[in-house]
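First up is the structure itself, then whatever we jot down about it.
The values are calculated or read from the model by the stated rules, or taken from the named source; none is laboratory data. Computed from a prediction, not measured in an experiment: that's the story for all the values here. Cβ coordinates were reconstructed from backbone atoms using ideal geometry, including for glycine residues, and neighbour counts include every protein chain displayed. Please note that ligands, DNA and RNA were not included when accessible areas were found on the heavy atoms of the full protein model with its side chains. Shrake-Rupley method; radii C 1.70, N 1.55, O 1.52, S 1.80 Å.
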Amino acid sequence: MPLKHIEPEVKFVLVAFVQHFGLVDEESRTVEARAVLLGLPVRVVASALVKLVDFGLLDKQTILTPGSSGRPSHTYKVQAAQTAALEKALVPTVLHERLIERLIAGPVIRAVGPDEGGDGAEVVQSLKSVNEFGKPVPPGRRGNLSLANRLLLATLLSCADAFGVVSQLGSVKLVQLTGLAPASLRQRIRRLMDLGFIRSYVPGVSSSIFARKAISTYFLNLGHRQLTQTTDVQVLSHWTHESSDRWFQHHGDRLRNDVSAAKKSLGNASTTPRPVVRFLWRQRPRVFAVLQLLLSRYASYLLSHHWSALGAHVSHIDDELRKMISRDLRKPAPSSPLDAELGESGWEVIIEHFRELTVELAKEYRSRFQETSEVFFDWLELCVIPVPAERGYEAITLLALEATEQRCLILGYEAVGSVAAFKREADIPLEQRYSLGLLTAPRLKP
C-alpha cells in the first residue's frame, strides 16, 4: 500500500511489525524488547514507532506497572482505518514469500558484492556500529544492506514472476510503495545491481510506436547468496566461438543501425523494410532497447510453448505471435485517405517483420541449446534474459524452471561442444556471469 509522507525506514518497521506481530501486539513491551524481536536497532524502532503513531498508522497504549520506577511499556496495534484499508487492498500473487520474509525479518542481509564470501545462512554484524565521534554508522557502511534497500528489494520481489522478472511495476508506483524519492530510487537500483541482487533492468520509455507506455523491467537474482542457498530457477547458457558481426548483433541494434543508415543515404535500409524504417524513424536509442526486450519476451513464449514446432512453419503459431505484437505496438494514425490505404499495407509489413525477427531469434536459441542431450526442452518454461549489447548473441542465457539436478550448465564454455556444470550460479566465475547477462558489470568510475 502507498503510505504518504512515510520514509522507507519507517515503513520498513511497520512492515516488520505486521509480519512479526500481525495487526496488534497486545503484549506490553519496552522499545528495546520490541526491537530485539524485530531484529532492528533500538534507535530505528524507537524513532519509527513515534512517527507511525503521529501519522495515525499505529495506536499506542501505555502500560504502567504499579510500584515500578523503570521505563513504561506499551502495546501497539494497527489503526482501525489502516486495518480496513489493508483488508480491501489488492494483493498480488506472491511467489517469493520466503525470500521476502528473509529480507524483512533477517537475519542481517549483508551488502556484499556478487563475488565476495558469505551466504544467506550466516549472521554477520560489524562491531563498528558507531564512528569515532560516537555517532551511529549507517548500515551500508557497516557492510549491511540498508533498510530502504531491503524494502525496495522486497517490493520488487512481491511483483516478480517465477523467474524473478518484474514487468508490471512502474517507477511511479515503486516510488509510492517505498517512499523513496525518484533520484534515490535510481541510485538504489544501481546499488542493488552492483551488489548482484538485480541482474539487470531495461528502463521504461514513452513512445508513439507503443500501444501503452513501456514501464521499466527488472530482472532479479533469485539465487543471490544473501537470499537463499537453493532456487527453483536453472541457468542454461551457450557460448559460441564463431566470429561474425551480424551473427552476434542484437535485433534491436540491427533495427537502429538500419534506420541510421537509411537517414544517411536517404535510401532503403539494408535488411529492414521501408515501412518499418518509417515507423522507427524518430525513435530514441532507449526505444530500441525496449524493442529488443519485447522480441525476447515473444521468443521466450515460443521456446516455452512451441519448442519442437519451431523447426517447421506452423500457421497458428504465427497468428498467435502477430496478435501479441499488435497488442504491444500502435498502428500509425493516417492523415489522409491515401495515407490510410498505404498505412494498412505498411502496418501488415511492420507486424510481419517483427514476427520474422522473433522467429529468427527463437530459432537461434533453439539451434544452439538443442546441442545438449542433458536437458529435455519440450516441456520447460523458459525465459530469455538480456545479455550485454556489446556482445550481441555471442553468449546467450535462458532461465528454466526446475529442469535438471545440475543447476547451471554452460555449453561451449571452453571450446565448441564442451559443457561446464556448476551447482550454484554463484560458483560461475564472475566475469563469465557478466558476459552471460547473469549480472551487470559495475560502471567504471571517472
Exercise. Of Gln176, Gln234, Val205, which is farthest on the positive side of the dipole of the chain, counting Cα position, with +1 on Lys and Arg Cβ, -1 on Asp and Glu Cβ, and the Cα centre as origin?
Worked result: Gln176
For this session: Starting from the amide H of Val24, placed 1.01 Å from N in the peptide plane, find each other amide H under 5 Å away whose residue is 5 or more places distant or on another chain.
Result: Val78
For this session: Normalising by the residue count of the chain, find the relative contact order in percent from Cα pairs under 8 Å and 6+ residues apart.
Result: 16
For this session: Calculate, for Ala80 and Arg43, the FRET efficiency according to 1/(1 + (r/R0)^6) with r their C-beta to C-beta distance and R0 22 Å; round to the nearest 0.05.
Result: 0.15
Seminar exercise, completed: For the chain, the percent of accessible surface on carbon and sulfur atoms (probe 1.4 angstrom, ligands and nucleic acids excluded) is 54
Exercise. Taking H as built 1.01 Å from N, whose amide H comes closer than 5 Å to the amide H of Arg199, not counting residues under 5 places away?
Worked result: Phe219, Leu220, Asn221
Exercise. Which of rounded, prolate, oblate describes the range 367-418, given a ≥ b ≥ c as roots of the alpha-carbon gyration tensor eigenvalues and a/c under 1.5 marking rounded, otherwise prolate only if a/b is larger than b/c?
Worked result: oblate
Exercise. Per residue, what accessible area does the range 294-439 have, given a 1.4 Å probe and all protein chains present, in Å²?
Worked result: 48
For this session: With a ≥ b ≥ c taken as the square roots of the eigenvalues of the C-alpha gyration tensor of the range 174-275, please select rounded if a/c is under 1.5 and otherwise prolate if a/b is larger than b/c or oblate if it is not?
Result: oblate
Problem set entry | Cut-off under 5 Å, modelled amide H: who pairs with Phe210 long-range | Arg330
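Given a Förster distance of 35 Å, report the FRET efficiency between Glu390 and Arg322 from their Cβ-Cβ distance, rounded to the nearest 0.05.
Efficiency for this residue pair is about 0.65.
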Problem set entry | Mean Cβ count within 10 Å, highest first, over the residues of peptides 41-52, 150-161 | 150-161, 41-52
Seminar exercise, completed: The extension gain from Gln19 to Glu101, computed as 0.36 nm times the residue separation minus the Cα-Cα distance, is 28.7 nm
Problem set entry | Dimensionless Rg over Rh [the chain; C-alpha; Kirkwood] | 1.04
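Could you calculate the contour length gain from Ser184 to Ser260, that is, 0.36 nm times the residue separation minus the distance between their Cα atoms, to one decimal place in nm? Please report the intermediate quantities before stating the final value.
Numbers: separation 76, 0.36 × 76 = 27.36 nm, distance 3.46 nm.
Residue separation times 0.36 nm, minus the Cα-Cα distance, leaves 23.9 nm.
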Problem set entry | Charge dipole magnitude, Cβ of K and R +1, D and E -1 - the chain, Cα centre, debye nearest 20 | 1920
